[in-house]
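Novice: So that we are looking at the same thing, I have put the structure below in structure tokens.
What follows draws every value from the coordinates through simple rules; no lab data is involved. Because the structure is predicted, anything quoted here is derived from the model rather than measured. Counting neighbours? That spans all protein chains shown, and the Cβs are built from the backbone with ideal geometry, glycine included.
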């Protein structure tokens, strides 16, 4: 029994552009307001449609062969979906990690940060990220949270618990 093996083709899949597509891609490349990554991707597609392979495109644009291959493949995959040209050159959507804490939990953190630590039985004059993290766990608002994450959340909201005394009650 003979097994036939097919070797990968060395020539990349060709890109066929309409005159309107070629014109729009060239306008993206020439426009001063086009983000550089979009302009570069448009150049990759234009060169690929001119019959250049990944190595030639990479050398001409000073990019990796993988980048030339990626954008050729994405372009070819998106052609069936009738997507606008500039949209086809955008980064793919990324799912990212799911949110760790709900909006309600974050709001509760902010509320505690605005409280006087003595009201929670803490023998401190102002909240630290570590103390807030412990308080959130003790109140069963969250199972666990790191002081660094508490600090990040407070920074994003521009809250400074160490200055809370002056914010709630101005100095006399």
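Novice: For the range 103-168, rounded, prolate or oblate, judged on the Cα gyration tensor with a ≥ b ≥ c (square roots of eigenvalues), a/c < 1.5 rounded, else prolate if a/b > b/c? Intermediate values should be presented prior to the final figure.
Specialist: On the way: a/c = 1.61, a/b = 1.17, b/c = 1.38.
It is oblate, given that a/c is not under 1.5 and a/b is not larger than b/c.
Novice: I need 18, 128, 100 ordered by Cβ neighbour count within 10 Å, fewest first. Show your work: numbers first, answer last.
Specialist: Values: 18 8, 128 16, 100 11.
Lowest count first: 18, 100, 128.
Novice: Rounded if a/c is under 1.5, else prolate if a/b is larger than b/c, else oblate: which is the range 19-88, with a ≥ b ≥ c the root eigenvalues of its Cα gyration tensor?
Specialist: Numbers: a/c = 1.62, a/b = 1.18, b/c = 1.37.
It is oblate, given that a/c is not under 1.5 and a/b is not larger than b/c.
Novice: How far is helix 65-78 tilted off the main Cα axis of the chain, in degrees rounded to 10, range 0 to 90?
Specialist: Roughly 90 degrees between the two axes.
Novice: Angle between the Cα long axis of helix 129-138 and the longest principal axis of the chain, 0 to 90 degrees, nearest 10?
Specialist: 80
Novice: Now a separate question. What is the angle, in °, between the Cα long axis of helix 103-113 and the longest principal axis of the Cα atoms in the chain? Nearest 10 is fine, range 0 to 90.
Specialist: 40
Novice: Helix-only mean residue ellipticity at 222 nm, the chain, DSSP H runs n ≥ 4 weighted -39,500 (n - 2.57), per residue, nearest 500. What is it? Please list the in-between numbers first.
Specialist: On the way: 9 runs with 88 residues, N = 172.
It comes out at -15000 deg cm²/dmol, rounded to the nearest 500.
Novice: Under a crude label model (7 Å from the Cα following the beta-carbon direction), how far is residue 36 from residue 82 in nanometres?
Specialist: Taking the two extended label points, one gets 3.7 nm.
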